[in-house]
1. Only one of (1) free of Cβ contacts under 8 Å to residues at least 40 places away in the same chain; (2) surrounded by 22 or more Cβ atoms within 10 Å (Cβ to Cβ); (3) part of a loop (DSSP other than H, G, I, E, B) is not met by Gly209, so which one is it?
2. Given the criterion in a helix (DSSP H, G or I) and touching a helix residue (DSSP H, G or I) at 6+ places or on another chain (Cβ under 6 Å), identify the matching residue among Val133, Val65, Val69, Val167.
3. Looking at Glu14 and the list (1) modelled with pLDDT under 80; (2) in a helix (DSSP H, G or I), which single condition is not satisfied?
4. Going by what's in this entry, would Gly80 be described as closer than 17 Å to Asp233 by Cα and in a loop (DSSP other than H, G, I, E, B)?
5. Looking at this structure, is Val173 farther than 28 Å from Val65 by Cα, in a helix (DSSP H, G or I) and out of contact with any Ser or Thr (no Cβ under 6 Å at 6 or more places or on another chain)?
6. Does Gly202 qualify as being over 30 Å from Met149 (Cα atoms), of a type in the set (Gly, Ala, Ser) and in contact (Cβ under 8 Å) with a residue 60 or more places away in the chain?
7. Quick check on my filter: what residues within the stretch 241-255 are in a helix (DSSP H, G or I) and modelled with pLDDT under 90?
8. In the stretch 125-143, which residues are among the hydrophobic types (A, V, I, L, M, F, W, C), within 15 Å of Ile239 (Cα to Cα) and in contact with a Leu (Cβ under 9 Å, 6 or more places away or on another chain)?
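The values are calculated or read from the model by the stated rules, or taken from the named source; none is laboratory data. Keep in mind the model is a prediction, meaning the values are calculated, not measured. Glycine also receives a Cβ, built like all others from the backbone with ideal geometry; neighbour counts cover every protein chain displayed.
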Amino acid sequence: MISSDRPSQRLILEAGRADRQYWSDLWRYRELFFILAWRDVSVRYKQTVIGVAWAFVRPFMTMIVFTVVFGQLAKLPTEGNAPYAILVFAGLLPWTLATSILTDASNSVLTNSQLVSKVYFPRIIIPLSTVMVALVDFGVSLFILAGVMAWYGMMPDWHILLLPVFVVLALLVALGPALWAAATIVKYRDFRFVIPFVVQIGLYVSPVGFSAKVVPPEWQLLYSMNPMVGVIDGFRWAILGGASPLHLPGFAVSMMVAAGMLWLGIHTFRRTERGFADLI
């Protein structure tokens with residue numbers, strides 16, 4: 001008779017344990033996040049005629065068009081003594097960052113269908129990895145802003161130190177709708193054609209080419225329900241300083257709406273990702 005002192009092992013199946021480990025799995029699969037992010041960045045600029053220069057051309061030309069249309073033709077006011085071109089570019093920075101994340105992340109799960117159907121990992125890594133491409137373009141745009149401000153002889157003050165805070169807020173504002181759209185597009189493929197239309201309309205209803213101060217005071221809080229209003233105002237406050245005071249009640253409304261959209265996006269994505277492999 002053979003005896004063993006080894007303790008017996010038991011397999012315990014506990015309901016909800018996988019859900020509790022989901023967010024820790026994000027850290028475990030961090031290398032996959034960086035691999036996907038680097039792949040997206042390299043694909044964006046590999047074998048292109050213009051390459052990184054496209055990140056310069058697009059915001060610069062948009063700034064010129066908006067400055068002519070809203071500043072010269074429509075004669076809309078700027079904020080303080082800031083040149084209208086800088087006002088526009090300070091609005092373009094967060095808008096381009098947010099819409100790039102929304103556009104890329106919303107289609108990311110569908111474009112990585114082979115990976116989703118064969119390998120386990122937290123699926124939320126896929127849309128999150130697209131943030132790196134948008135941040136690269138954003139970094140390039142910052143150099144353009146610095147050049148434009150130097151051209152006009154304008155230097156930022158201490159407010160610029162808080163710019164990273166508003167960059168994070170822009171990311172969070174974009175991630176909520178992006179996660180919701182990514183989950184929805186997997187189930188309803190034709191919904192991906194709606195995203196460019198929403199981005200196009202949002203460009204004109206958000207204070208990108210004009211100051212949010214042109215909106216009558218009695219409509220400011222309602223207008224601030226567009227979360228990009230608070231983010232753009234925050235960017236302008238950080239870049240222009242005292243020339244662009246931050247409307248705190250409107251900013252608070254924008255952030256509350258953004259928080260609700262972020263919760264909805266994460267909740268929808270987590271609820272539907274279990275069926276991604278079957279739908280794809």
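1. The one condition Gly209 does not meet is (1).
2. The conditions single out Val133.
3. Of (1) modelled with pLDDT under 80; (2) in a helix (DSSP H, G or I), only one is false for Glu14: (2).
4. It is true that Gly80 is closer than 17 Å to Asp233 by Cα and in a loop (DSSP other than H, G, I, E, B).
5. Judged against the criteria, Val173 is not a match.
6. no
7. Gly241, Gly242, Ala243 - these are the residues of the stretch 241-255 that are in a helix (DSSP H, G or I) and modelled with pLDDT under 90.
8. Correct list: Phe138, Leu142.
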